[in-house]
1. Using the crude model of +1 on Lys and Arg Cβ and -1 on Asp and Glu Cβ, and no other charge, please compute the dipole size for the chain relative to its Cα centre, in debye to 20.
2. So for the chain, taking the charge dipole from beta-carbon charges (+1 Lys/Arg, -1 Asp/Glu), which of His173, Ser72, Val126 sits furthest toward the positive end?
3. Sort the following peptides by mean Cβ neighbour count (other Cβ atoms within 10 Å, averaged over residues), highest first: 118-125, 57-64.
4. Run the count for the chain, please: Lys pairs, Cα-Cα under 28 angstrom, 8 or more apart or on different chains.
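What follows is calculated from the coordinates using simple rules that are stated; it is not laboratory data. Bear in mind that the values here come from a model prediction, so they are computed numbers and not experimental data. Neighbour counts run over all protein chains shown; Cβ positions are idealised from the backbone, glycine included.
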Amino acid sequence: MRLDVVTIFPEYLEPLNVSLVGKARARGVLDVHVHDLRDWTHDRHHTVDDTPYGGGPGMVMKTEPWGDALDSVLADGYERGSGEPALIVPTPSGRPFTQELAVRLSERPWLIFTPARYEGIDRRVVDEYATRMPVYEVSIGDYVLAGGEAAVLVVTEAVARLLPGVLGNAESHRDDSFAPGAMASLLEGPVHTKPPLWRGREVPDVLLSGHHGKIARWRRDEALRRTTAHRPDLIERSGPGSFDKKDREM
Ligand code: 6GU
């Protein structure tokens, strides 16, 4: 998969060299290109923003640098046969970024990210590229960041770990919170490892019992307890009866 990021803070994307995403790059699973938006400015001050039409606070990112940057990135990718691009526009007014969207994005060959600073990018830029490729405007949560770069790191990590050959153990995302399947819509419960006794605290007996049926039921009960406490909305959303008492007792 090819990833392009156009930003005024290329150094903000340094974490893409580390850990799981860094390893995916080293293995050739991910081909990452980070670009400085100011490379496509032509004035002495490398201006990327201007005052908003209609008034109001803050500044808006200008059309021309973004247009020239995206044209250049697209030309390079097409030349190299990178496949069909999709544009990912991080914005607090986007659709929620979910595991389902991460899975869909992980199936695409080429993602181009446009993290903005200030009050966002002139709307005409998104409208222009939306005529040429799928555009996903995404928000990573109900809070406001100073810019989209942190969201690019979030989306990239969620997508990269789904790519074949990135996670050591292919089963590792089977039980993820939010993964489809039997535990769908439940958060993962607690986990334990050796030693069996630490500062007077024991690992729950059931986990040492070797009784796989009992272990599976305990894990499901704990997942349900945790979901009820932290995300009651996930239980509501799954519909009445999904997690009633009878079901829980299996
Ligand atoms: Cl993608 N960008 C910004 N600036 N703030 C956010 C966000 C994105 N997602 C949630 N808050």
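1. Here the chain has a charge dipole of around 1360 debye.
2. Result: His173, furthest along the dipole toward the positive end.
3. Per-residue Cβ counts within 10 Å, averaged per peptide and sorted highest first, yield 118-125, 57-64.
4. Going through the chain pair by pair, I get 4.
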